[in-house]
Amino acid sequence: MVNINSKLETRNSKQILNSKKSKLFPISNFLFLICLVCFVFLTSYFGFPKTVHAQTLTSPSFTIRQGNFNMTSGTKTSTNYNLTDTMGQTAAEFFSSTGYHVKAGFQYMYTLYDFSFSISSLAINLGTLTPNAFTTASHTLTVTAPGQGYSVTAYETARLTNAYGDTISDTICDSGPCTETSAEIWTTATNNGFGYNVIGDDHDPDFTTASYFRPFPDFSLSESPATVMTTASAGKNRVGTVTYKVSPGSSQAAGDYSTQIIYIATPVY
Amino acid sequence: MKKILPVISNIIPSSRAQSRDLMNRFLHFGRNDIIIVLMLFFGSFSPAHAQSVSLSISPPVVEILLAPNQSVSQTFTLQTQGENILVTPELHLAHPSDSSGHVEIDSTPLSPSSIPLTIKFSGPSHTPTLTFTAANTDKAQDVYLALVFRASPPSTIYDLRSTITTPSISALILVTITPTDTLPINLEIKDFSPPLFHDSWFPLTFTPFLTNNTPTMIRPEGQYEIISPSGKTVLSLPLYPNLILGNSSRLLQGTVPCQPLQGTVPCNPTPLTWSPTWRNLGPHALRLTITTTGGTQIIQVEKTIWILPVRIAIITVLFILLFIIFLVTRGKSLSPPLDRLSQKTYS
């Protein structure tokens, strides 16, 4: 019995080993799979930086129109001189002899397009106003800026005023108060006032959605102009849609109300 | 022609009859009706309401270096699109408003007595020539101006019911008045404090600022370098030669490698970003060097950062753990109890 049992045990253990070997074979497949996953993973990982570098290559929005513009264009480094000022050697010599030096243009070079600003409509007619109801009108501002960007600021010369001197106050929005530099949601018409929203390219991030409004800075109150569009990169035909919104109160005097909104586009230096 | 003519002649009599009928109707029209129709006709469209205006200016930015008692002239060209637009050039003071090169323009026009410059306008309003004469001064100082072209809409657009918008475009005039060609320099690098460790998985990005502590503007150059533990330079990025106005800061950016055609001019700015590879491990030196245009070193800052494969290490450990767990669970499921196996064989 003992012998038989021992033979059986020996045989059984061999069978188990064989069966284990046959079952272990898929494990090597599993290892191969892990290696494959790791390879794909590492390849994609180390491939990413190359993609990043490719993204930072030249921009199509900035092209040289003319290489040599004035005497400072061209290579600005030299081993022959060391100045403690901001100018190059030629510029310093020129300044010493003439008493002036002028550099003009975006980084002193011409580009394929100029700095330009356009407005789709000069007059904004809000039509007949109804008390405690919104009336809106909109138009677009378009900016083309080579170089390193631009900003558009705006202000009103005074509040909406009629011929008798009655005014419609600037909005303070719903939960308020929205200010000249901080937009808030304005969807309740019983919160009377006059305000604006800018949505589109390079709009001030303050205008989260089309429901966010703020009042124009009032020049008559010596308030500083507010930025409505801004960017620090070159761009062509950047469009912002300005929506004007007004809701007069029920006690507002009847009449034709108007004001003047000034927009100023300024390049980045 | 002969065949067509009779046809035409057939039409003419009928059209004549129609016109006579229309004339009769017109004569029976009341005077008030005519006035109303005319009013509706002329009031129905006002082209000024939909008028658009486009302004374009050249050059948009001018830098002037001027000695005391010296004069220099610069002509600006404004191009407009829009009918009957009146253009008024005005000078305003400008101030740097952020570290990206934007300025804030004063709402009120410049008071000439407030600056050490005499400015004379000449020429038409669309192409004015400004002549700048510097006052007598013994120390360097800057004046930053914005030439604002205000496009006034035609008088026909003025309507009490409408709000008028006035577009304006401005050019920046940045003037340094200095008796010598040597300007004071006092620059400071700020916000260049890398952490001790950085995961090699992520790109390494910095947004340092260069502060100009002098009252005169400067356009420095420089280099951003990353040096490996073996002393090899793994990144060398020239800094974009941004202009920094007096007593202001500017974000430091790199310069994108230029196309051969653009070799002699500054290229587009790019963030100071570096993506480490699997070889870039260990302590790396980050070096920012600021120089003048002439190449003289103004300031140099060097910081050390350890690049470690943190995420790779975590993922590897997780894989090993998962593999061990898998082997253990697999081993358990593959080894049946010996007594059950022996019974089966015995029977």
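In the set (1) farther than 23 Å from A:ALA234 by Cβ; (2) of a type outside the set (A, V, I, L, M, F, W, C); (3) modelled with pLDDT of 90 or more, B:THR296 fails one condition alone, (3). Quick check: anything in region A:71-94 surrounded by 20 or more Cβ atoms within 10 Å (Cβ to Cβ), modelled with pLDDT under 80, at the interface with chain B (Cβ under 7 Å from one of its Cβ atoms) and touching a His at 6+ places or on another chain (Cβ under 9 Å)? Checked against the condition, which is being surrounded by 20 or more Cβ atoms within 10 Å (Cβ to Cβ), modelled with pLDDT under 80, at the interface with chain B (Cβ under 7 Å from one of its Cβ atoms) and touching a His at 6+ places or on another chain (Cβ under 9 Å), region A:71-94 yields at least one hit.
Among the residues of region B:256-278, the ones that are more than 25 Å from B:TRP306 (Cα to Cα) and either at pLDDT 70 or above or acidic (Asp, Glu) (or both) come to 3 in all.
Listed conditions (1) outside any strand (DSSP E or B); (2) of a type outside the set (A, V, I, L, M, F, W, C); (3) assigned by TED's automatic domain parsing to the domain that holds B:GLN81 are all met by B:PRO229, apart from (3). Apart from one condition, B:VAL87 fits all of (1) within 12 Å of chain A (Cβ to nearest Cβ); (2) not in a loop (DSSP other than H, G, I, E, B); the exception is (1).
Here B:ILE298 passes the criteria (1) more than 9 Å from every other protein chain (Cβ to nearest Cβ); (2) in a strand (DSSP E or B) except the one numbered (1). Being more than 8 Å from chain A (Cβ to nearest Cβ), more than 23 Å from the chain's Cα centre (by Cα) and at negative phi is the requirement here; does B:SER99 meet it? Here the answer is no, as B:SER99 does not meet what is asked. Would you confirm, using the coordinates I've provided, whether A:ALA163 is at pLDDT 90 or above, farther than 19 Å from B:SER58 by Cβ and of a type outside the set (S, T, N, Q)? Judged against the criteria, A:ALA163 is not a match. Can you pull out the residues in region A:205-261 that are of a type in the set (Ser, Thr, Tyr), modelled with pLDDT of 90 or more and over 22 Å from A:THR130 (Cβ atoms)? Of everything in region A:205-261, those that are of a type in the set (Ser, Thr, Tyr), modelled with pLDDT of 90 or more and over 22 Å from A:THR130 (Cβ atoms) turn out to be A:THR208, A:THR209, A:TYR212, A:SER220, A:SER222, A:SER224, A:THR227, A:THR230, A:THR231, A:THR241. Counting only residues that are farther than 19 Å from B:VAL61 by Cα, within 12 Å of chain A (Cβ to nearest Cβ) and in a strand (DSSP E or B), region B:168-198 holds 1 of them.
Looking only at region B:51-81, residues that are closer than 20 Å to A:ALA123 by Cα and facing chain A (nearest Cβ under 8 Å) come to 6 in all. Filtered by the rule that a residue be within 13 Å of chain B (Cβ to nearest Cβ), part of a strand (DSSP E or B) and of a type in the set (S, T, N, Q), region A:242-265 gives A:THR243, A:SER258, A:GLN260. Within region B:160-174, can you find the residues that are among the β-branched types (Val, Ile, Thr) and at pLDDT 95 or above? Of everything in region B:160-174, those that are among the β-branched types (Val, Ile, Thr) and at pLDDT 95 or above turn out to be B:ILE169, B:ILE173. Checking each residue in region B:102-117 for being within 13 Å of chain A (Cβ to nearest Cβ) and of a type in the set (A, V, I, L, M) picks out B:VAL103, B:ILE105, B:LEU117.
Kindly evaluate B:LEU210 against the criterion of being buried (at least 20 other Cβ atoms within 10 Å of the Cβ), more than 20 Å from B:PRO116 (Cβ to Cβ) and in contact with a Lys or Arg (Cβ under 8 Å, 6 or more places away or on another chain). For B:LEU210, the condition - buried (at least 20 other Cβ atoms within 10 Å of the Cβ), more than 20 Å from B:PRO116 (Cβ to Cβ) and in contact with a Lys or Arg (Cβ under 8 Å, 6 or more places away or on another chain) - is met.
The values are calculated or read from the model by the stated rules, or taken from the named source; none is laboratory data. Here the structure is a predicted model, which is why all the values come from computation and not from measurement. When we count neighbours, we look across all protein chains shown, and the Cβ atoms used for this are built from the backbone with ideal geometry, even at glycine.
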